[in-house]
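To start, the structure itself, in structure tokens.
The values are calculated or read from the model by the stated rules, or taken from the named source; none is laboratory data. The shown structure was predicted, so the numbers you read here are calculated from the model rather than taken from an experiment. Just so you know, the surface numbers come from the protein's heavy atoms only, side chains and all, with ligands and any DNA or RNA stripped out. Shrake-Rupley method; radii C 1.70, N 1.55, O 1.52, S 1.80 Å.
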Amino acid sequence: MKVKTIAHIYYQQYSWEQTARYLVMYAKVDDCEYLTYVGEQEIEIDVPENYDPRAQKIAALEKQKQKIMADFQKSVTDINRRISELQALEYTDAAQ
């Protein structure tokens, strides 16, 4: 299947680079010191007829879930460590 879209072409060269490169972006952004707009061009992309993004979406969600679970476990571990530190402190009653 052929899909047509607009590509925005930019000239990019940082001050420390010897050579420049051309970038293709899906959106137009403002010019700056290292990135200047060359123009737009309609391009045609071949996409497989039977392309189904579901497997990639599921994989991305699984990766996101794993990160969230790891972050959660780290938070629980930190809280448990803080509780242990507080429980290890000797309690002295200031009223005595």
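Accessible area per residue for the chain is 92 Å², calculated with a 1.4 Å probe on protein heavy atoms, without ligands, DNA or RNA. Taking 1.002 mPa s as the viscosity and 20 °C as the temperature, the Stokes-Einstein diffusion coefficient of the chain based on its alpha-carbon Kirkwood radius rounds to 109 µm²/s. Report, in deg cm²/dmol and to the nearest 500, the calculated mean residue ellipticity at 222 nm for the chain, where each DSSP H run with n ≥ 4 adds -39500 (n - 2.57) and the sum is divided by the residue count. Only helices count here, giving -13500 deg cm²/dmol.
Residue pairs exceeding 32 angstrom between C-alpha atoms, taken from Lys4/Lys57; Lys28/Lys74; Lys2/Lys67: Lys28/Lys74; Lys2/Lys67. Relative to the longest principal axis of the Cα atoms of the chain, the long axis of helix 54-88 lies at roughly 20 degrees.
Within the accessible surface of the chain, defined with a 1.4 Å probe on protein heavy atoms only, the carbon and sulfur portion equals 56 percent.
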